[in-house]
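This report refers to the structure that appears directly beneath it.
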Amino acid sequence: MKTVLVTGGAGEIGSAICKQFAANGYNVIATYNSNPVKAEKLLAELNQLPVTNNQFSNHSIFHAPTTDAQKVTELKAFVAEKYGKLDVLVNNAGITTPVPHDDLQGLTDEWIDKIMQTNFRGSFAMVRVTKELLEKGSDESNESSLIVNISSIAGISGIGSNVAYCASKAAIDSMTRSLARALAPKIRVVSVSPGFVEGEYTKNFDPKFLQNQMDNTPLERFATGVDVANAVFALATSLTFSTGNIITVDGGRLLK
């Protein structure tokens with residue numbers, strides 16, 4: 001049975017990804033940062049899902065902020081002992097805060113550091129710590145394992161919650177290309193790059209900003225967590241000859 005590890009698994013996008021894989025017979029490991037109640041709720045939901053192949057899946061949650069080296073090391077040991085290998089890593093954990101791009105004083109050094117440490121450094125740390133587990137998954141299945149970095153079109157457009165967030169997502173896309181070369185052929189690396197994703201976090205944004213984003217999206221709606229999950233799952237199961245790519249899930253937002 002294949003195993004997927006999803007960082008930030010209890011959030012809007014992460015939970016949709018976890019449920020997509022769980023419903024299709026994968027073992028799911030979801031990490032969380034600060035909300036054990038939400039993570040436990042996700043685990044209960046995963047365990048209740050019917051699966052398409054009637055296999056018995058073995059799901060887990062694990063407290064492992066991606067910026068905490070000790071916790072990430074403990075996570076590696078946990079996965080190695082319980083599952084033995086990994087087939088898919090989804091780097092989904094990320095943070096941001098709304099700051100107008102022209103408010104240079106409002107984007108503090110503290111927030112810049114937090115965003116870059118979590119979004120970029122945390123993703124790289126997860127690749128570094130799971131590389132051997134992913135290589136083992138590749139050896140056992142005779143196919144490439146997969147890393148999916150959840151990016152954002154903000155990394156291309158420069159339009160997003162703040163300047164540092166946009167920069168962090170551009171860094172993730174650059175990392176994707178670099179690691180796709182470095183880790184081939186045993187591991188594929190792809191960015192999934194959503195536009196604005198509808199969810200609880202939407203409430204943090206100015207309604208005028210949200211309306212502007214909607215007006216400039218040709219498909220006239222925001223992405224959902226399920227849209228992003230569908231793209232990630234397709235990369236794991238159908239688009240198996242793709243690596244180093246940036247897959248946009250933006251409703252055509254970059255066209256305007």
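The values are calculated or read from the model by the stated rules, or taken from the named source; none is laboratory data. As the structure is a computational prediction, the values presented were derived from the model and not from experiment. Note that each Cβ is placed from the backbone with ideal geometry, even for glycine, and that neighbours are counted across all protein chains shown.
Take region 224-256 and flag every residue that is surrounded by fewer than 16 Cβ atoms within 10 Å (Cβ to Cβ), closer than 14 Å to residue 90 by Cβ and either of a type in the set (A, V, I, L, M) or at pLDDT below 95 (or both).
Within region 224-256, 234 is the sole residue that qualifies.
Please determine, by comparing only the residues of region 1-24 that are in contact with a helix residue (DSSP H, G or I) (Cβ under 7 Å, 6 or more places away or on another chain) and free of Cβ contacts under 8 Å to residues at least 60 places away in the same chain, which one is farthest from residue 233 (Cα to Cα).
Per the criteria, the residue is 10.
Filter region 25-38 for residues that are outside any strand (DSSP E or B) and under 21 Å from residue 233 (Cβ atoms) and give the result.
Selection gives 25, 26.
When you scan region 112-121, do you find a residue that is modelled with pLDDT under 95, on the phi < 0 side of the Ramachandran plot, loosely packed, with under 14 Cβ neighbours inside 10 Å and charged (D, E, K, R), even just one?
Scanning region 112-121 turns up no residue that is modelled with pLDDT under 95, on the phi < 0 side of the Ramachandran plot, loosely packed, with under 14 Cβ neighbours inside 10 Å and charged (D, E, K, R).
Do you know which residues across region 76-98 are hydrophobic (A, V, I, L, M, F, W, C) and either surrounded by fewer than 20 Cβ atoms within 10 Å (Cβ to Cβ) or outside any loop (DSSP other than H, G, I, E, B) (or both)?
77, 78, 79, 80, 88, 89, 90, 95
Taking the criterion of being in a loop (DSSP other than H, G, I, E, B) and at pLDDT 95 or above, would at least one residue in region 47-60 satisfy it?
The answer is yes; a qualifying residue exists.
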